[in-house]
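I have placed the structure first, in the form of structure tokens, so that the comments after it can refer back to it.
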Amino acid sequence: MAEDVFFKAEMHGSQVLVHTLIATNVVLKETDVSWVTQLTSDRLDGFKAMMARWKGPISATLYCRELQKDLDLIRNLRDRVDFHLVLADLHPGRLYPVNTLRNLAMDKCRTQWMVLVDADFVPNDDVYNLILPRLESWQKTGGNNIYVLPAFQMQDKSKSIPRNKMELLSLGAAVSQVHPEKGRDIAHKYTDYERWKVSSEIYEIQYRMPYEPYYVTDKRIPR
């Protein structure tokens with residue numbers, strides 16, 4: 001038998017039935033930032049790789065196709081993660097509702113600041129502690145800016161994921177911007193990867209459609 005879970009209807013762009021499991025061993029800081037994402041249980045390996053590097057709170061929507069199996073798979077992760085369960089069987093015929101699941105993870109996030117990413121994104125070492133000291137100054141902008149995290153993909157998935165910028169740059173052509181394929185590259189190209197490679201400071205990017213980067217944002221940002 002599945003443990004007691006009680007789904008209730010909520011609106012997160014569209015209606016879903018949700019049950020939230022709050023992390024059992026997380027103490028939030030006064031000004032804090034959460035990793036926010038959505039996934040199915042077949043992507044948990046990448047999610048665990050992220051957890052090995054991200055040391056802060058996490059808000060994740062899990063789209064469950066087999067509830068008891070998925071509960072068993074996440075049991076050892078629940079000390080650090082707020083899981084928001086959405087049971088796929090209760091939404092028959094619906095394609096994977098990525099925007100709704102993302103909205104849910106954002107709405108349920110318990111910190112003012114969020115890192116919005118896909119489930120298989122693995123950050124550099126200590127990124128949580130690199131972001132934290134910046135939040136106070138970022139907060140003074142009134143929540144009107146987002147702070148882009150340049151995203152890369154490795155051609156050889158068997159190699160270790162770089163731990164910092166120096167290691168990443170040392171890989172040369174073995175690493176590229178995420179989704180470099182023509183037609184898909186537009187989603188991240190405005191990050192200006194060539195500028196990032198030689199820059200040691202934050203620089204301004206003008207938003208242009210259809211730019212879809214991973215980023216840090218204040219919950220007050222308009223959606």
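Work through the residues other than Y147 whose Cβ is under 12 Å from its Cβ and net out their charges, Lys, Arg +1 and Asp, Glu -1.
Values: positive: R134; negative: E204, D218.
For residues surrounding Y147, the net value is -1.
For segment 1-56, what does the relative contact order come out to in percent, with C-alpha contacts under 8 Å and a separation of six or more? All intermediate terms of the calculation are to be shown ahead of the outcome.
Numbers: 21 pairs, mean separation 11.7, N = 56.
RCO, segment 1-56: 21 percent.
Sequence-ordered 3J(HN,Hα) estimates for segment 196-202 from the Karplus curve with 6.51, -1.76 and 1.60 and θ = phi - 60° stand at 4, 4, 9, 9, 10, 10, 5 Hz, glycine and proline given as x.
Of K69/K165; K197/K219; K29/K189; K55/K219; K189/K219; K8/K219, which sit over 27 Å apart, Cα to Cα? Don't skip to the end; give the middle numbers.
Working: K69/K165 38 Å; K197/K219 29 Å; K29/K189 34 Å; K55/K219 20 Å; K189/K219 25 Å; K8/K219 23 Å.
From K69/K165; K197/K219; K29/K189; K55/K219; K189/K219; K8/K219, over 27 Å: K69/K165; K197/K219; K29/K189.
Report the trypsin sites (Lys or Arg not before Pro) located in segment 164-217 that are in a DSSP loop and have at most 14 other Cβ atoms inside 10 Å of their Cβ, or state none. Each step should come with its number before you reach the end.
Working: sites: K165, K182, R184, K189, R195, K197, R208; in loops: K182, R184, R208.
Those that pass, being in a loop and sparsely packed, are K182, R184, R208.
About its Cα centre, what dipole magnitude does segment 67-223 give when the only charges are +1 on Lys and Arg Cβ and -1 on Asp and Glu Cβ, stated in debye to the nearest 20? Spell out each step's value before the answer.
Details: 23 positive and 21 negative charges, 51 e Å.
Dipole about the Cα centre, nearest 20: 240 debye.
Contact order for segment 8-218, expressed relative to its length and based on alpha carbon pairs under 8 Å spaced 6+ residues apart, stands at 24 percent.
Summing +1 for each Lys or Arg and -1 for each Asp or Glu among the other residues whose beta-carbon sits under 14 angstrom from that of I205 gives -2. For the chain, find the longest principal axis of its Cα atoms and tell me its angle to the long axis of helix 98-108, 0 to 90°, nearest 10. So the helix axis and the longest Cα principal axis differ by about 80 degrees. Between Q139, Q155, Q38, find the one with the highest GNM mean-square fluctuation for the chain; connect C-alpha pairs within less than 10 Å. So, out of Q139, Q155, Q38, the one fluctuating most is Q155. Dipole orientation for segment 1-140: of the candidates H84, F6, T111, T111 has the Cα lying most toward the positive pole (charges on Cβ; Lys, Arg +1; Asp, Glu -1). Taking chymotrypsin sites (Phe, Trp or Tyr not before Pro) in DSSP loop conformation with at most 13 other Cβ atoms inside 10 Å as exposed sites, the chain has its longest uninterrupted site-free stretch at 7-202.
Using only the alpha carbon atoms of the chain, find the Kirkwood hydrodynamic radius as the inverse mean reciprocal pair distance, in angstroms to one decimal.
On the way: mean 1/r = 0.0537 Å⁻¹.
Over the chain, the inverse of the mean reciprocal pair distance is 18.6 Å.
Starting from the Cα gyration tensor of segment 111-201, take the square roots of the eigenvalues, sort them a ≥ b ≥ c, and report rounded, prolate or oblate (rounded when a/c is under 1.5, otherwise prolate if a/b is larger than b/c, else oblate).
Details: a/c = 1.85, a/b = 1.55, b/c = 1.20.
Prolate is the answer for segment 111-201, as a/c is 1.5 or above and a/b outweighs b/c.
Using a Gaussian network model on the chain with a 10 Å cutoff between Cα atoms, which of T40, T20, T141 fluctuates the most? Result: T141 has the largest fluctuation of those listed. Per-residue 3J(HN,Hα) values for segment 35-44, derived from phi via the Karplus relation 6.51 cos²θ - 1.76 cosθ + 1.60 with θ = phi - 60°, read 7, 10, 7, 9, 6, 10, 5, 6, 10, 5 Hz in sequence order (x marks Gly and Pro).
We did not get these values from a lab; they are worked out from the coordinates using the rules stated. Because the structure is predicted, anything quoted here is derived from the model rather than measured. Cβ sites come from the backbone with ideal geometry, for glycine too, and all protein chains shown count toward neighbours.
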